[in-house]
Amino acid sequence: MVLRSEPTARQVRLAVEVRRLRDAAGLTAREAAALLGVSAPQISQIETGLAGLSEKRLRRLAAHYACTDEAFVDALVAMATDRTRGWWEEYRERLPTPFLDLAELEHHATFLREVQFLYIPGPLQTEDYARAVFAYRVPELPQEELEVRVRHRMERKAVLEGPTPYEAVIHEAALRIMVNDRATSRAQLVRLLEFSESEHVTVRVIPFHVEGFAGAGSAMTYAGGAVPRLDTVVRDGPHGATFIDSEAQLAAFRTLFHKVEAVSLAPERSRDFIHRLAKEL
């Protein structure tokens, strides 16, 4: 068995879910190994994402663990047997792994919801906007690496070109902050308006004047899984992106998203709002 040196976030998520099934069944790794006819270290490798699982073995484990949720097991099988080599693979060893993990998550999502307060969401950014954001990094990136990051961000637009429902809730602050110059800001607002006209893309705005809004710390990317148990939340932190997948936290972030969405303007009013801001520049 060839072990992975660096499992992707998707592979780790599968491993975590298999471990959760075993824990729910009240079995030790040694007991699970005996049921599957492998060694305990092999179970450990499977549950850390270092080793993969065939469909046959995964279904055997699910049966031994008394998991009767067929849709969930089918979704895990799809993850285990997926051999997609997406566009992001071009950037392996050229960008930090979280960049690739986020692109893969977006590719497989059944829906995407974004909440941002200081920046335009990545897939909606123009090239000049993205370049200005990456150029502000300390320490500064070498020019070649900066351009690779910009190119990767531009390719993330692929998720907006498919059928995946995408909803972005953006605070007025993000619309007004000039990460570069007026021309860049104007072009970015125009691009937002263009995206908002897509059938499966929804853009909502939270204006400054909204009262009773204390949710400025609720920025997130919420990616829908094949089943709700496989949803994922991504949050940016001081040391990079954090992937969240516990059921309790997912439930909390679903509620939080709906609270933020409830105070935002309707899509038509949001477009009018963005159009007015663009005319001011």
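Scanning the range 33-68 for residues that are buried (at least 18 other Cβ atoms within 10 Å of the Cβ) and charged (D, E, K, R) yields a count of 1. Here the range 10-31 is the region considered, the condition is being under 30 Å from residue 109 (Cβ atoms) and among the small types (Gly, Ala, Ser), and the residue that is surrounded by the most Cβ atoms within 10 Å (Cβ to Cβ) is 15. With respect to the conditions (1) over 21 Å from residue 226 (Cα atoms); (2) free of Cβ contacts under 8 Å to residues at least 40 places away in the same chain; (3) among the aliphatic types (A, V, I, L, M), residue 95 lacks only one, and its number is (2).
Contact annotation: residue pairs with Cβ atoms under 7 Å, 6 or more positions apart or on different chains, pairing a residue in the range 103-118 that is under 19 Å from residue 87 (Cα atoms) with a partner that is among the hydroxyl-bearing types (Ser, Thr, Tyr) and surrounded by fewer than 18 Cβ atoms within 10 Å (Cβ to Cβ), are 104/8.
Does the range 59-76 contain any residue that is of a type outside the set (Lys, Arg), within 13 Å of residue 8 (Cβ to Cβ) and in a loop (DSSP other than H, G, I, E, B)? No, that holds for no residue. For residue 214, indicate whether it is in a helix (DSSP H, G or I), of a type outside the set (D, E, K, R), surrounded by fewer than 16 Cβ atoms within 10 Å (Cβ to Cβ) and free of Cβ contacts under 8 Å to residues at least 40 places away in the same chain. For residue 214, the condition - in a helix (DSSP H, G or I), of a type outside the set (D, E, K, R), surrounded by fewer than 16 Cβ atoms within 10 Å (Cβ to Cβ) and free of Cβ contacts under 8 Å to residues at least 40 places away in the same chain - is not met.
With outside the structural domain of residue 52 (by TED's automatic domain parsing) and either closer than 26 Å to residue 255 by Cβ or within 15 Å of the chain's Cα centre (by Cα) (or both) as the only criterion, which of 95, 112 stands out? Give the steps one after another, and end with the answer.
Details: 95 fails: either closer than 26 Å to residue 255 by Cβ or within 15 Å of the chain's Cα centre (by Cα) (or both).
After applying the criteria, what remains is 112.
Being surrounded by fewer than 17 Cβ atoms within 10 Å (Cβ to Cβ), of a type in the set (Ser, Thr, Tyr) and more than 15 Å from residue 175 (Cα to Cα) is not true of residue 221.
For the range 224-279, the set of residues classified as exposed (fewer than 11 other Cβ atoms within 10 Å of the Cβ), of a type outside the set (Gly, Ala, Ser) and in a helix (DSSP H, G or I) consists of 255, 258, 268, 276, 279, listed by residue number.
Just to verify a result, which residue in the range 157-192, among those that are aliphatic (A, V, I, L, M) and either farther than 17 Å from residue 115 by Cα or not assigned by TED's automatic domain parsing to the domain that holds residue 125 (or both), is surrounded by the fewest Cβ atoms within 10 Å (Cβ to Cβ)? Taking the candidates together, the pick is 183. Please verify whether the range 69-82 includes one or more residues that are crowded, with 19+ Cβ neighbours inside 10 Å, of a type in the set (A, V, I, L, M) and over 21 Å from the mean Cα position of the chain (by Cα). The answer is yes, given that some residue of the range 69-82 is crowded, with 19+ Cβ neighbours inside 10 Å, of a type in the set (A, V, I, L, M) and over 21 Å from the mean Cα position of the chain (by Cα).
The values are calculated or read from the model by the stated rules, or taken from the named source; none is laboratory data. Keep in mind that this is a model prediction, so the values were computed, not measured. As a convention, Cβ positions derive from the backbone with ideal geometry for all residues, glycine included, and neighbour counts pool all protein chains shown.
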